[in-house]
Structures are given as structure tokens and as C-alpha cells.
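These notes concern the structure reproduced below.
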Amino acid sequence: VAPTSGYAIQEHEVTWAELDAYLATHPSEMFSRPEWVPSSPEARASYAATGVPWAVATRYCESLGGQLPSEEQWEYAARGPERRPSPWGSAPLDRLLTRVYQGDAGHPGPVMKSSQDQTPEPGPVPVRDLLGNALEWTRDVYRHDRSATILQHVGFRCVR
């Protein structure tokens with residue numbers, strides 16, 4: 001949550017369980033999932049939905065009464081008003097505690113599993129997976145020329 005900015009950002013990247021419910025009622029929005037995504041709904045339920053076209057991510061957020069975050073909203077959620085160097089603060093990155101880029105053969109995993117990658121905001125719900133797991137769409141930074149490999153690693157979250 002970004003309390004001084006008048007918007008709230010989702011706690012984690014949109015999961016396949018959340019997106020699958022939307023796609024079930026919007027069949028025209030279907031697209032090919034990345035090959036590593038588990039085929040059973042139960043197995044993929046907590047995984048970050050990646051490889052989602054920007055337009056589909058935009059319409060999904062709109063269906064919730066929100067939108068993709070702007071680059072500035074996303075950055076503010078990650079750094080906070082104190083401009084932290086990392087979402088969790090100034091402690092060094094611990095690769096065992098944060099799911100960071102694992103090369104082209106790697107892929108995003110379940111959301112909220114990285115114990116380090118969460119904001120220290122006061123309140124009951126930190127924002128998670130801002131540095132690691134999946135790259136994320138924003139509404140105002142969109143490029144058609146990204147490689148297919150990179151696009152399969154792109155997920156998203158919504159703001160209201």
C-alpha cells in the first residue's frame with residue numbers, strides 16, 4: 001500500500017488462479033502460457049501469471065476496478081517514501097531469501113515465498129516480490145520489441 005499517494009497496490013503479482021478465473025469468463029482473452037507453467041490448475045494456483053500480454057493484463061486490472069500501476073507508482077511501492085535501495089531496506093540481497101533472475105532457463109515461481117523480498121511498511125500487509133520473481137508490466141512503459149524469452153518472465157499486479 002502506498003498510504004501517502006492515494007492508491008493501493010496488490011500485495012503480490014497476479015497468480016494463475018486469479019487470472020484463470022478471469023480468463024474463464026473472457027475466452028477471447030486466451031493466450032499461450034509459457035511452457036514451464038504447470039498444466040493442472042491446482043499446481044499453478046500460486047504461481048505468478050507470466051507471459052500475459054500487456055493488453056490482457058490491462059483489461060484484467062480494469063475488470064477489478066483498477067489499472068496497471070504507473071512506473072512511478074510501482075517504484076514508490078518498491079522504495080517507499082524513504083527511498084529504500086531495495087524493497088526491504090538497505091540489507092544486502094541474499095539470493096537464498098529472494099527469488100532473483102536465474103537466467104533464461106529460470107522461471108518465476110510461486111508468489112510470496114521469498115522471505116527477504118517484502119516491504120517493511122507498518123501495517124498488516126507488506127508488498128511482496130517487488131525485486132524478485134517476475135518482471136512486471138506498468139501502464140506507461142511498454143515495448144513491443146522485447147524478446148519472447150523476456151516476455152515469458154513478465155507478470156503484473158494492479159493498483160486502485
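Within the bounds of region 57-67, is there any residue that is touching a residue at least 40 places away in the same chain (Cβ under 8 Å) and closer than 22 Å to THR149 by Cα?
To start, the set of residues in region 57-67 that are touching a residue at least 40 places away in the same chain (Cβ under 8 Å) comprises 57-58, 60-61, 63-67.
Those left that are additionally closer than 22 Å to THR149 by Cα: 57-58.
The answer is yes; a qualifying residue exists.
Filter region 109-134 down to residues that are in a loop (DSSP other than H, G, I, E, B), open to solvent by less than 70 Å² (accessible area, probe 1.4 Å) and at pLDDT 90 or above, then give me how many there are.
Of the residues in that region, 12 qualify.
Specify the residue that is modelled with the lowest pLDDT; the eligible residues are those in region 56-104 that are among the aliphatic types (A, V, I, L, M) and open to solvent by less than 60 Å² (accessible area, probe 1.4 Å). Spell out the reasoning first.
First, the residues of region 56-104 that are among the aliphatic types (A, V, I, L, M): 56-57, 64, 68, 77-78, 91, 93, 96-97, 100.
Narrowing the set further to residues that are open to solvent by less than 60 Å² (accessible area, probe 1.4 Å) leaves 56-57, 68, 77-78, 91, 100.
Working: VAL56: 95, ALA57: 96, LEU68: 97, ALA77: 92, ALA78: 93, ALA91: 96, VAL100: 85.
Checked region 56-104; the qualifying residue modelled with the lowest pLDDT is VAL100.
Would you please list the contacts, defined by Cβ atoms under 6 Å and residues six or more apart or on different chains, that run from a residue in region 23-43 that is surrounded by 15 or more Cβ atoms within 10 Å (Cβ to Cβ) to a residue that is at pLDDT 90 or above and basic (Lys, Arg)?
VAL37/ARG44
The values are calculated or read from the model by the stated rules, or taken from the named source; none is laboratory data. All values reported here derive from a predicted model rather than from experimental measurement. With ideal geometry, Cβ positions are generated from the backbone for all residues, glycine too; neighbour counts draw on all protein chains shown. With ligands, DNA and RNA removed, areas are computed over all heavy atoms of the protein, side chains included. Shrake-Rupley method; radii C 1.70, N 1.55, O 1.52, S 1.80 Å.
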